[in-house]
There are 2 protein chains.
Amino acid sequence: MKKITIGEAARQSGVKVPTIRYYEGIGLLSAPSRSEGNQRSYEPSDLNRLAFIRHARELGFEIDAIRTLLQLQDDPHQSCASADAIAKARLIDVEQRIRSLNALKAELEQMVEGCGHGRVDQCRVIEVLADHGKCVHPHH
Amino acid sequence: MKKITIGEAARQSGVKVPTIRYYEGIGLLSAPSRSEGNQRSYEPSDLNRLAFIRHARELGFEIDAIRTLLQLQDDPHQSCASADAIAKARLIDVEQRIRSLNALKAELEQMVEGCGHGRVDQCRVIEVLADHGKCVHPHH
DNA sequence: CCTACATCCTCTAGCGACTAGAGGTGCAAG
DNA sequence: CTTGCACCTCTAGTCGCTAGAGGATGTAGG
């Protein structure tokens with residue numbers, strides 16, 4: 001039940017102070033009450049919200065998606081179809097990113113391996129960059 | 001040997017017109033000659049440079065790294081050690097990203113699978129977001 | 001009570017790598 | 001000659017913060 005300063009909230013949630021203020025500014029977090037000296041003072045329940053946001057950001061959800069997820073959390077009677085859809089979209093995105101990063105990895109490995117550590121005119125790194133056709137997988 | 005308009009250069013290189021102008025603005029691309037009517041007119045050799053940049057961007061190299069790589073390409077007598085270092089750093093970065101995306105993927109899969117498609121109060125997506133402890137891998 | 005110092009406040013500007021749009025000019029075809 | 005697209009410059013917006021200026025507040029020690 002104890003009120004908490006923004007610094008304390010930052011320490012406990014792992015979200016930095018300016019970021020908390022930023023979240024308030026964009027309406028992701030509702031404005032807390034203030035002390036006599038106009039300093040923000042948070043309820044313990046605000047920490048849950050902050051942790052939720054932080055976790056979602058770590059999982060790569062965009063602010064807008066988090067906004068929706070928070071609204072869903074606030075109204076537990078709603079169907080969870082939209083939460084499901086958001087998570088699925090994120091999953092598809094992550095899978096796509098993994099695929100393309102794996103392709104990049106193969107390309108970069110080829111580059112680095114092929115580098116004879118000599119002069120630039122024999123360097124495979126530069127060569128491949130200059131000529132897309134020299135890529136292992138020409139798809140990107 | 002034919003001079004080319006910016007639109008044509010964009011079409012042939014796959015780099016958008018405003019992006020080409022942007023690259024010129026930040027000094028990644030040198031300013032081309034101009035037509036009588038003050039329109040940019042590119043040499044075919046500029047297309048190579050544009051292709052190089054595009055390819056490097058696709059591989060995720062940052063503008064500053066590309067700047068260095070272009071300088072190396074321009075002076076083929078230099079040692080390719082820096083090109084090698086840049087590519088290796090990029091490779092390590094990519095590998096790191098793949099690792100963390102794989103962790104995310106596992107997390108998201110758990111969320112989506114656990115979703116009973118009912119109401120929000122039984123939704124695992126929301127639940128996991130709210131409670132980090134419910135993650136499969138609690139490392140992130 | 002005074003001072004020192006950390007923490008807080010608001011506000012603006014900056015990051016990277018573009019992208020969008022306003023408002024105007026050039027150029028080629030019909 | 002007019003239509004209409006492509007070009008020009010310039011500014012501002014995107015996303016998710018982060019940094020810094022300049023000032024107020026809160027707290028602990030002397």
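The values are calculated or read from the model by the stated rules, or taken from the named source; none is laboratory data. Please read all numbers here as calculations on a predicted model, not as lab measurements. We place every Cβ from the backbone using ideal geometry, glycine too, and count neighbours over all the protein chains shown. Heads up: the accessible areas ignore ligands, DNA and RNA and are worked out on the full protein's heavy atoms, side chains in. Shrake-Rupley method; radii C 1.70, N 1.55, O 1.52, S 1.80 Å.
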- Rg and Dmax of the protein assembly as shown, using alpha carbons, in Å: what are they? 24.8, 76
- According to a simple spin-label model (label point 7 Å from Cα along Cα-to-Cβ), what is the distance in nm between residue A:64 and residue B:131? 3.2
- Query: Amide H to amide H under 5 Å from residue A:119: which residues, 5+ apart in sequence or cross-chain, H placed 1.01 Å off N in plane?
  - Reply: B:80
- Item | Heavy-atom accessible surface of the range B:1-78: percent carbon and sulfur, 1.4 Å | 48
- Note on the structure: Buried accessible surface, A vs B, both sides, probe 1.4 Å, in Å² to 100, equals 4400
- Running Debye on the range A:93-140 with equal point scatterers at the Cα sites and no solvent, what base-10 log of I(q)/I(0) appears at q = 0.14, 0.19, 0.21, 0.33 Å⁻¹? -0.37, -0.61, -0.70, -1.19
- Sorted by chain and then number, the residues having a modelled amide H within less than 5 Å of the amide H of residue A:29, at least 5 places away or on another chain, are A:24
- Would you tell me the mean number of C-beta atoms belonging to other protein chains that fall within 10 Å of each C-beta in B:41-54, as a whole number? 1
- Considering the rotational relationship between chains A and B, which residue of chain A contributes the beta-carbon of minimal distance to the axis, and what is that distance to the nearest Å? A:98, 3
- Query: Gaussian network model of chain B, Cα springs within a sub-10 Å range: biggest mean-square fluctuation belongs to which of B:39, B:12, B:73?
  - Reply: B:39
- Task: Find the accessible area per residue for chain B; the probe is 1.4 Å, ligands and nucleic acids are left out, and the unit is Å².
- Result: 54
- Task: Work out the length of the dipole vector of the range A:1-61 about its Cα centre, built from +1 on the beta-carbon of each Lys and Arg and -1 on the beta-carbon of each Asp and Glu, and round it to the nearest 20 debye.
- Result: 80
- Shielding of A:130-136 by partner chains, average beta-carbon count, 10 Å: 3
- Task: At 7 Å along the Cα-to-beta-carbon direction for both residue B:95 and residue A:74, put a label point, then send me their distance in nm to one decimal.
- Result: 4.5
- The number of Lys pairs in the protein assembly as shown whose alpha carbons lie under 17 Å apart, excluding pairs fewer than 8 residues apart on one chain, is 4
- Determine the relative contact order of the range A:86-140: mean sequence separation of Cα pairs under 8 Å and six or more apart, normalised by residue count, in whole percent. 25
- Note on the structure: Here the range A:84-101 yields Karplus 3J(HN,Hα) values (6.51, -1.76, 1.60; θ = phi - 60°; whole Hz; Gly and Pro given as x) of 4, 4, 4, 5, 5, 4, 5, 4, 4, 4, 4, 4, 4, 5, 4, 4, 6, 5
- Pull the list of chain A cysteines that no other Cys approaches to under 4.7 Å, Cβ to Cβ. A:115, A:135
- Mind telling me which of B:83, B:31, B:130 comes out most flexible in a GNM of chain B, alpha-carbon contacts under 10 Å? B:130
- Task: Give the Cα extents of the range B:1-78 along the principal axes, in whole Å, largest first.
- Result: 38, 26, 20
- Task: Would you mind telling me which residue in B:88, B:105, B:16 has the biggest mean-square fluctuation in a Gaussian network model of chain B, where springs connect alpha carbons within a distance under 10 angstrom?
- Result: B:105
- Query: If all Cα-Cα distances of chain B are sorted into 5 Å bins from 0 onward, what percent lands in each bin, rounded to whole numbers?
  - Reply: 2, 8, 14, 13, 10, 9, 8, 8, 8, 8, 6, 4, 2, 0
- Query: Leaving out ligands, DNA and RNA, what percent of the accessible area of the range B:94-140 is carbon and sulfur, probe 1.4 Å?
  - Reply: 45
- What list of ³J(HN,Hα) values in whole Hz, one per residue of the range B:41-58 in order, does the Karplus curve 6.51 cos²θ - 1.76 cosθ + 1.60 (θ = phi - 60°) give from phi, with Gly and Pro shown as x? 9, 9, 7, x, 5, 5, 5, 4, 4, 4, 5, 4, 4, 4, 4, 5, 5, 4
- What percent do you get for the relative contact order of chain A when only Cα pairs under 8 Å and 6+ apart count? 15
- Task: Give a residue-ordered list of calculated ³J(HN,Hα) values for the range B:71-76 (Karplus: 6.51 cos²θ - 1.76 cosθ + 1.60, θ = phi - 60°; whole Hz; x for Gly, Pro).
- Result: 5, 5, 4, 6, 10, x
